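Heads up, the thing below is written out as structure tokens.
Since every read-out is calculated from the coordinates, none of them should be taken as a lab result. Because the structure is a prediction, the values reported are computed rather than measured. Cβ coordinates were reconstructed from backbone atoms using ideal geometry, including for glycine residues, and neighbour counts include every protein chain displayed.
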């Protein structure tokens, strides 16, 4: 009995319709996130984490917030769009640069300026493709170094949709990918089991916007900038006997600049020590 070609066509139409419905749902969710969450919030008390997440009283999350309140004066939340680690890193770095000494300002500015050559040579990225994103990061950092921008102006700039924050965030991904590609044998054992090649990992898990950061990319970005990143974990685990939340540090121990971020399952925000 001959196959019915109309059946194949019907299946294709059904699959296409399901795909379209899924895409529409994803776009609706993304639009709701954009409407409800700023790219970066104003500074708020740590206690607001409890309110915003509606943590159950007495839960490990609730207890964790109480512990955070002992050591941290505030938190700044980041939009949960899969880019939160890179945005948190970028925003916190900018804040730290306003407090940095001249040597550190010069070092980071020079790194940003010279990074294009590295990402082209070691990362294999196209110079023309990365140009506008590289320039966005350089311009942002330079405006802090030469004091042409205030903290309020930087905050406002990084709140703008489809602008500096997104451009710099994607370039942060490029810098992370370049760091991984520069030492593939070192980083390969730490990749997820599905990946056996660092270049493929970067193409699928690092470079696309919206892909969540993993521990290996946290390390790569910290090492690229030669800054220390301390990540405090509010993950619902039992509270240790020392009444302290688990903290992981990435980057050089002797780094002048230290960023402090908060990890909650699948998400990163910025913490402000007392």
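Restricting attention to segment 36-54, which residues are closer than 19 Å to residue 270 by Cβ and outside any helix (DSSP H, G or I)?
Selection gives 37, 38, 39, 40, 41, 42, 43, 44, 45, 46, 47.
Does segment 220-240 include one or more residues that are more than 14 Å from the chain's Cα centre (by Cα), surrounded by fewer than 13 Cβ atoms within 10 Å (Cβ to Cβ), more than 28 Å from residue 42 (Cα to Cα) and free of Cβ contacts under 8 Å to residues at least 24 places away in the same chain?
Scanning segment 220-240, I find at least one residue that is more than 14 Å from the chain's Cα centre (by Cα), surrounded by fewer than 13 Cβ atoms within 10 Å (Cβ to Cβ), more than 28 Å from residue 42 (Cα to Cα) and free of Cβ contacts under 8 Å to residues at least 24 places away in the same chain, so the answer is yes.
Just the residues that are over 19 Å from residue 260 (Cα atoms), assigned to a helix (DSSP H, G or I) and free of Cβ contacts under 8 Å to residues at least 60 places away in the same chain, please, taken from segment 55-75.
62
Collect the residues in segment 236-252 that are touching a strand residue (DSSP E or B) at 6+ places or on another chain (Cβ under 7 Å) and not in a strand (DSSP E or B), keeping them in residue-number order.
Passing the criteria: 245, 246, 251, 252.
Would a scan of segment 97-110 turn up a residue that is within 19 Å of the chain's Cα centre (by Cα), within 15 Å of residue 167 (Cβ to Cβ), touching a residue at least 60 places away in the same chain (Cβ under 8 Å) and buried (at least 18 other Cβ atoms within 10 Å of the Cβ)?
For segment 97-110, residues within 19 Å of the chain's Cα centre (by Cα), within 15 Å of residue 167 (Cβ to Cβ), touching a residue at least 60 places away in the same chain (Cβ under 8 Å) and buried (at least 18 other Cβ atoms within 10 Å of the Cβ): absent.
Which one is nearest to the chain's Cα centre (by Cα) among residues in segment 194-219 that are more than 22 Å from residue 92 (Cβ to Cβ) and crowded, with 24+ Cβ neighbours inside 10 Å?
202
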